[in-house]
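Have a look at the structure below, then the notes.
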């Protein structure tokens with residue numbers, strides 16, 4: 001692959017590699033706290049650190065709880081959700097990963113969950129992922145700059161992020177990083193609307209929408225630094 005072109009494709013684990021579970025879990029937490037789920041809450045919780053998300057909820061909902069108590073409620077709600085809901089890979093994942101590998105792209109997943117969660121739910125696709133295959137971003141949210149510069153030492157136009165959250169879209173726009181937004185199956189999610197407000201150029205419903213011609217177009221835009229223009 002020629003220099004100065006997109007070399008790495010970074011995929012959000014929850015929402016891109018796997019079907020999203022975070023949106024219904026967060027909605028459930030907000031309901032338990034007596035709040036009304038809205039775009040402001042969703043966008044300030046998804047892809048933020050647990051401390052920052054908890055602090056936001058305390059202010060937004062005027063709670064008398066500590067950050068640790070809110071995080072504990074989230075962890076309990078997540079655990080209960082996983083007991084009754086199966087985590088599945090998104091449609092078209094294997095074909096998409098096969099296409100990336102066949103065309104020389106290096107692929108890495110990232111997210112807030114630990115590595116064991118990645119291996120449990122996406123381990124059958126491990127052969128398609130580069131290096132360690134997964135980066136936990138719990139302490140570096142949203143993590144776009146940190147992944148590109150600190151971990152991989154890339155130029156911003158050498159990386160493509162595919163993510164379902166506005167927080168990562170904002171970071172990608174800040175650094176002019178090639179970006180594809182992806183919607184979740186949850187009708188009550190606000191992330192597509194938020195990406196449209198941000199003028200994200202490419203928002204897809206499925207990995208099946210991203211073929212080689214799509215990536216070639218992004219490659220040309222990355223060379224011209226026009227992904228966000």
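Rule-based calculations on the coordinates, nothing more; no lab input. None of these values were measured; they are calculated from a predicted model. Every residue, glycine as well, gets a Cβ built from its backbone with ideal geometry; the counts of neighbours run over all protein chains shown.
Couple of notes before you dig in:
- Principal axes of the chain: Cα extent on each, largest first, Å: 55, 37, 32
- Whole-number Å³ per residue for the convex hull built on Cα positions in segment 66-169: 128
- Computed per residue of the chain from DSSP H runs no shorter than four, each worth -39500 (n - 2.57), the mean residue ellipticity at 222 nm is -12000 deg cm²/dmol.
- Overall dimensions of segment 8-68, expressed as equivalent-ellipsoid semi-axes from the Cα gyration tensor (√(5λ), whole Å, largest first), are 24, 13, 9.
- Percent of Cα-Cα distances greater than 19 Å, calculated over segment 137-198: 30
- For segment 1-110, the Rg and Dmax computed from alpha carbons only, in angstrom: 17.7, 56
- Residues 144, 70 in ascending order of nearby Cβ atoms (within 10 Å, fewest first): 70, 144.
- Centre separation in Å (Cα based) which lies between segment 1-67 and segment 140-208: 13
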